[in-house]
Amino acid sequence: MTLRGLIGLLALVVLGLLAWELRWVLLVLFGAVVLAVALDVPVSWLRRFTPMNRPQALLVVVVLLLLGGWQLGELLLPELIEQVQQFTQLVPALINRVGELLGGVAMLESLEGRVADLATFDKLQPLGGQLLGFAGGAANSTIQLLLMVLLALLLVLDPRSHQRLVLAATPAHYRPMAGELLSACREALGGWLAGMTISASAMFLLTWAGLAALKVPLALLSGLVCGLLTFVPTIGPTVATLLPLAVALLVSPALALQVLILRLVLQNAEAFLLTPLLLSRTVNLLPTVALMAQLSLGALLGLPGVLLALPLVVVLQVLSQRVLVEQIMDRWL
């Protein structure tokens, strides 16, 4: 290996170590980019049909989002809080019901005794320390979320200046290709976010309506969980089905079977019809790639890594196609 190659290898190692040390900063930055792209979609649409400039369009979008969130909160939040309280009261009955169906499993029968054993002063002291640590982590996450929102607003206000900053860090003969890559990544990420948001909203409304029609308890809470977990492909919809299925099981096995059929129909319609139709012009992720990305980033970064795994894979898939496949593999002699 030449001296130049050795220096390049050492530089890559140093950059990798530096990126790992700054991983939370990079995670907040990438989250801000994802949020900025999500905000830029309605901002660009509004500027296309109105004479507004970018700050005015961003202000209108933010105000509309706040007002819409406020109205939805007033409409759904009281019922949602009530259903969460009902679910906490149904947990013991659900454990007993599962124990009856399984023939009285010893683990389920002794669960109440174990909880009573833990309710001692000596056992509660470490629990108090864990709760304090959880509170500190929640405060840290709130600060990171606020920084992410602030960075996203700054990025949306002046995206061209930030794009020129990125292009200035690339060699001159690569800048046209780098500009095309940025545009392609932005288009793919914006299309993926819009498609998945529509798909998740549709799953929330259809699941809520279907469960309400079947008169399943906690229909709103179950529909919301199913809608949110639509962003987690492969395992998300399956895990989301457990909540309405368990609640329906408390009523009757026949109702649980009806809920299972409803969720199977909706899951297959979303996976094979709705999502491919919405993402046909952007990046449609393979379930195996999405699942491995979430497992890997979840193991490295925890819950924030799971949430940002799919947007990161969307960007990496575009970069791999444009750079690795078209510029290297297709030209390999």
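Of everything in segment 160-177, what is loosely packed, with under 15 Cβ neighbours inside 10 Å and aliphatic (A, V, I, L, M)? Give them in sequence order. Passing the criteria: L165, V166, A168, A169, A172, M177.
The set of residues from segment 216-237 being without any contact (Cβ under 8 Å) to a residue 24 or more places away in the chain and of a type outside the set (A, V, I, L, M, F, W, C) comprises G223, G236. For the criterion of being surrounded by fewer than 19 Cβ atoms within 10 Å (Cβ to Cβ), aliphatic (A, V, I, L, M) and either more than 27 Å from R322 (Cβ to Cβ) or touching a helix residue (DSSP H, G or I) at 6+ places or on another chain (Cβ under 8 Å) (or both), L157 passes.
If P92 passes every condition in (1) surrounded by 11 or more Cβ atoms within 10 Å (Cβ to Cβ); (2) more than 20 Å from L242 (Cβ to Cβ) but one, which one does it miss? If we test P92 against (1) surrounded by 11 or more Cβ atoms within 10 Å (Cβ to Cβ); (2) more than 20 Å from L242 (Cβ to Cβ), just (2) comes out false.
One residue stands out among those in segment 232-242 that are surrounded by fewer than 19 Cβ atoms within 10 Å (Cβ to Cβ) and modelled with pLDDT of 80 or more: the one that is farthest from A290 (Cα to Cα), which is L242. Only a single item in (1) over 29 Å from L274 (Cβ atoms); (2) part of a loop (DSSP other than H, G, I, E, B); (3) among the basic types (K, R) is not met by K215, and it is number (1).
Of the listed requirements (1) among the hydrophobic types (A, V, I, L, M, F, W, C); (2) surrounded by 16 or more Cβ atoms within 10 Å (Cβ to Cβ); (3) in a helix (DSSP H, G or I), I261 misses just one: (2). Of the residues making up segment 9-43, those that are under 23 Å from the mean Cα position of the chain (by Cα), part of a helix (DSSP H, G or I) and either without any contact (Cβ under 8 Å) to a residue 24 or more places away in the chain or at positive phi (or both) are A19, W20, V25, L26, P42.
Is segment 2-20 home to any residue that is of a type in the set (K, R) and within 22 Å of Q163 (Cα to Cα)?
Taking every residue of segment 2-20 in turn, none turns out to be of a type in the set (K, R) and within 22 Å of Q163 (Cα to Cα).
Note on segment 43-79: residues that are surrounded by 12 or more Cβ atoms within 10 Å (Cβ to Cβ) and farther than 21 Å from S161 by Cβ amount to 6.
Filtering segment 280-326 to residues that are in contact (Cβ under 8 Å) with a residue 40 or more places away in the chain, over 19 Å from the mean Cα position of the chain (by Cα) and either surrounded by 12 or more Cβ atoms within 10 Å (Cβ to Cβ) or closer than 16 Å to L229 by Cβ (or both) leaves V318, L319, R322, V323.
Screening G190 with (1) more than 30 Å from P159 (Cβ to Cβ); (2) modelled with pLDDT of 85 or more; (3) within 20 Å of the chain's Cα centre (by Cα) gives one miss only, at (1).
Residue-level check: of (1) touching a residue at least 12 places away in the same chain (Cβ under 8 Å); (2) not in a helix (DSSP H, G or I), M52 misses just (1).
The values are calculated or read from the model by the stated rules, or taken from the named source; none is laboratory data. Only a predicted model underlies this, so the values are computations on that prediction, with no experimental measurement involved. Every residue, glycine among them, receives a Cβ derived from its backbone with ideal geometry; neighbour counts consider all protein chains shown.
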